[in-house]
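Visitor: I'd like to ask some things about the structure below.
The values are calculated or read from the model by the stated rules, or taken from the named source; none is laboratory data. As the structure is a prediction and not an experimental result, all values here were calculated from the model. For neighbour counting, all protein chains shown are included, and Cβ atoms are generated from backbone atoms with ideal geometry for every residue, glycine included.
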């Protein structure tokens, strides 16, 4: 059981998945190493002695690149496969749904993050190694795997988001928050009242809160609470001295400040889709009022790129679990599995496996999956397959698409669905509001025609029976390798 980033790193080391690198350059080299690693070796990387910074000011990337590390983060066995991981996450969240308050954030009195403090003219955010991740980035980004904490001024609901943050100067950062994000709605309430929005931000912490900060957790539920429910242990937080907002008690580096109704040029920045789709934006400003950090702090960082990239994997089981839960809550029966593929950056290629029970069943599942919040944000395609298809196996899925889907009747298109300015194929205009962006969705029904299925007329698949396969593997041990 890991309780902070440092103990978590030691557990990763015991799995043989940690590599320590020294003397890397914050200027594009760390980003290139991180991207190459995500596509090949998939180690967790701990950077130390970063050029221009003192020893001990460290940075971690590659935190959640496979099921073992996601399971470790959730206090689960590291032997779970992809779909077992999805089902466990979904079942745990569902079982806690009636008692979410039982997993509310647990306040503690003391936290190591307060070992060092700075306020006023002593604040210098440039003292921390914030990478310029890629050559065409518009600046240095300290906030990539961050946890940005805001409170709804009307309800008290605590939201934890993960939004990109670019350094502007010693006391100022820019923050980009897309249209459908919960924090954006909260910030607007403060601004409409003529007030700045109080904010607390952690830049280094146990990967658990990063997993949930970037997900579409149900409105009104704090990501701290949801994370505690899935892990079955409340997340510990400490009260921010200045804003009163909860800060992860395991934080390595945190700030308090205010998001003000002032805009600065931000970007471009390579985003999760794999392109510089958003260009340069005018983004809201964070005025830093206080900085806290541990001795020799560790920043949790990540960068995107052409998928698979540094943070595509962990969002696949997380988002799949959310979609699966919504399907069942909506009354869609017979769901056998859901998977969001890394090639679709965990958002744009979702596969739902169902056991067909009636005509139109596949269409019900496909439309709900593509329009529910975790399936709609930056979505593109949903594929519905039968229960004999593993939704996480791309070969199986493509085979089903090619052999069970008729293009003339097996594809539905929904126009004017939720969009994003980060989409590389949308049209941009100087006066276009972030709320205006839309895009279409394609739903592919790669299922056996129900009329053939109930009459047992669909051709038999050419393969050895389950019993024959098991018997063959028992006799020929080398086939197990």
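Visitor: Criterion first (modelled with pLDDT under 95 and surrounded by 20 or more Cβ atoms within 10 Å (Cβ to Cβ)) does residue 40 satisfy it?
Guide: No; evaluated as a whole, the condition is false for this residue.
Okay, residues lined up against (1) in a helix (DSSP H, G or I); (2) out of contact with any strand residue (DSSP E or B) (no Cβ under 8 Å at 6 or more places or on another chain); (3) free of Cβ contacts under 8 Å to residues at least 40 places away in the same chain; (4) not assigned by TED's automatic domain parsing to the domain that holds residue 185:
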residue	(1), (2), (3), (4)
83	yes, no, no, yes
91	yes, yes, yes, yes
130	no, no, no, no
148	no, no, no, no
155	no, yes, no, no
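Visitor: Filter the stretch 350-359 down to residues that are under 25 Å from residue 377 (Cα atoms) and surrounded by fewer than 24 Cβ atoms within 10 Å (Cβ to Cβ), then give me how many there are.
Guide: 0
Visitor: Residue 75 is checked against (1) on the phi > 0 side of the Ramachandran plot; (2) part of a helix (DSSP H, G or I) and fails just one. What number does that condition carry?
Guide: (2)
Visitor: Scan the stretch 257-265 and give yes if some residue there is touching a residue at least 12 places away in the same chain (Cβ under 8 Å), buried (at least 24 other Cβ atoms within 10 Å of the Cβ) and touching a helix residue (DSSP H, G or I) at 6+ places or on another chain (Cβ under 8 Å), otherwise no.
Guide: Yes: one or more hits.
Visitor: Given the criteria surrounded by fewer than 23 Cβ atoms within 10 Å (Cβ to Cβ) and in contact with a strand residue (DSSP E or B) (Cβ under 7 Å, 6 or more places away or on another chain), does residue 181 qualify?
Guide: Yes.
Visitor: Moving to a separate point now. Residues in the stretch 18-35 that are surrounded by 19 or more Cβ atoms within 10 Å (Cβ to Cβ) and part of a loop (DSSP other than H, G, I, E, B): how many?
Guide: Number of matching residues: 2.
Visitor: Condition (residue is over 30 Å from the mean Cα position of the chain (by Cα), surrounded by 15 or more Cβ atoms within 10 Å (Cβ to Cβ), in contact (Cβ under 8 Å) with a residue 40 or more places away in the chain and farther than 30 Å from residue 279 by Cα) applied to the stretch 455-466: is it met by at least one residue?
Guide: no
Visitor: Now for a different question. If the requirement is being outside the structural domain of residue 320 (by TED's automatic domain parsing), within 23 Å of the chain's Cα centre (by Cα) and within 21 Å of residue 113 (Cα to Cα), which of these qualifies: 221, 199, 238, 217?
Guide: Checking each option against the conditions leaves just 199.
Visitor: Within the stretch 42-54, can you find the residues that are in a loop (DSSP other than H, G, I, E, B) and in contact (Cβ under 8 Å) with a residue 12 or more places away in the chain?
Guide: Matches in the stretch 42-54: 42, 43, 49, 50, 51, 52, 53.
Visitor: If you take the residues of the stretch 292-318 that are crowded, with 24+ Cβ neighbours inside 10 Å and not in a loop (DSSP other than H, G, I, E, B), which of them is modelled with the lowest pLDDT?
Guide: 318
Visitor: Give the residue that is nearest to residue 184 (Cα to Cα), with candidates limited to residues of the stretch 421-431 that are surrounded by 11 or more Cβ atoms within 10 Å (Cβ to Cβ) and modelled with pLDDT of 85 or more.
Guide: Going through the qualifying residues, I end up with 423.
Visitor: Of the residues 87, 117, 58, which single one is farther than 30 Å from residue 287 by Cα and modelled with pLDDT of 95 or more?
Guide: Checking each option against the conditions leaves just 87.
Visitor: Only one of 448, 432 is out of contact with any strand residue (DSSP E or B) (no Cβ under 7 Å at 6 or more places or on another chain), in the same structural domain as residue 348 (by TED's automatic domain parsing) and outside any helix (DSSP H, G or I). Can you tell me which?
Guide: Checking each option against the conditions leaves just 432.
Visitor: Only residues that are modelled with pLDDT of 95 or more, assigned to a helix (DSSP H, G or I) and closer than 30 Å to residue 324 by Cα: list them for the stretch 93-114, please.
Guide: none
Visitor: Can you give me the ranges of the helices (runs of 4 or more DSSP H) entirely in the stretch 336-415 with at least 1 residues that are under 18 Å from the mean Cα position of the chain (by Cα), at pLDDT 95 or above and not assigned by TED's automatic domain parsing to the domain that holds residue 216?
Guide: 361-371
Visitor: Going by the conditions given, is residue 347 crowded, with 16+ Cβ neighbours inside 10 Å and either free of Cβ contacts under 8 Å to residues at least 12 places away in the same chain or in contact with a strand residue (DSSP E or B) (Cβ under 9 Å, 6 or more places away or on another chain) (or both)?
Guide: Judged against the criteria, residue 347 is a match.
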